[in-house]
Amino acid sequence: MTALLAFFLFAQQPLDSNDVVIWHMSSDIQELTELYPQVETTQLKGYRVQLFNGSRRAAENRRASILRMYDDVPVYLSYDAPEYLVHVGNFIDRIHAEAFAMELKKHVSSAFVVRSTIESPIWEQQQAAMQIESDTLDTTQIR
């Protein structure tokens, strides 16, 4: 019993900076570990701009028109019974989503920001898609 207790006490000792830990894993796990950093999309909580809700045909038409105007911004068509929804963008923070919504309101007066699960955006693409200088944004209009 004391030998077992001594083993557990020894096993719980913190590692020194000179200690070496050897990690054994199967080749399948090793391969997955090497592939993991190459995964580009991650689901996050964020914001999108909703442009439309209604029939499928009208939603598809609205999606197509937005894609023609903003070909570098993701546009999503989804179904939430009993209507179809059109959402635009992947914004981590509300301020950028509101800024883009104000831009979209030039074409779609009913555009508004909604919380959503988003794909991880690449910051440079998000900035280019907005085409809005941060100093021109009037934050007093955003609630």
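Only one entry in TYR70, TYR76 is within 21 Å of GLN43 (Cα to Cα), surrounded by 12 or more Cβ atoms within 10 Å (Cβ to Cβ) and among the hydroxyl-bearing types (Ser, Thr, Tyr), namely TYR76. For the stretch 113-120, does any single residue satisfy the condition of being modelled with pLDDT of 95 or more and in contact with an Asp or Glu (Cβ under 7 Å, 6 or more places away or on another chain)? Yes; the residues of the stretch 113-120 include at least one that is modelled with pLDDT of 95 or more and in contact with an Asp or Glu (Cβ under 7 Å, 6 or more places away or on another chain). Identify all residues within the stretch 77-93 that are within 15 Å of the chain's Cα centre (by Cα) and over 10 Å from VAL49 (Cα atoms); write none if there are none. Passing the criteria: ILE92, ASP93.
Restricting the stretch 40-78 to residues that are small (Gly, Ala, Ser) and part of a strand (DSSP E or B), which is farthest from VAL108 (Cα to Cα)? Checked the stretch 40-78; the qualifying residue farthest from VAL108 (Cα to Cα) is GLY46. Annotation: of all residues in the stretch 96-110 being within 13 Å of ILE66 (Cβ to Cβ) and buried (at least 20 other Cβ atoms within 10 Å of the Cβ), the one that is farthest from the chain's Cα centre (by Cα) is LEU104. Taking the numbered list (1) modelled with pLDDT of 95 or more; (2) in a helix (DSSP H, G or I); (3) crowded, with 20+ Cβ neighbours inside 10 Å in turn, HIS87 passes all entries but (2).
Screening LEU32 with (1) of a type outside the set (Phe, Trp, Tyr); (2) at pLDDT below 70; (3) surrounded by fewer than 10 Cβ atoms within 10 Å (Cβ to Cβ) gives one miss only, at (3).
The values are calculated or read from the model by the stated rules, or taken from the named source; none is laboratory data. Keep in mind it's a predicted model, so treat the numbers as computed, not measured. Virtual Cβ from ideal backbone geometry, glycine too; neighbours counted across all protein chains shown.
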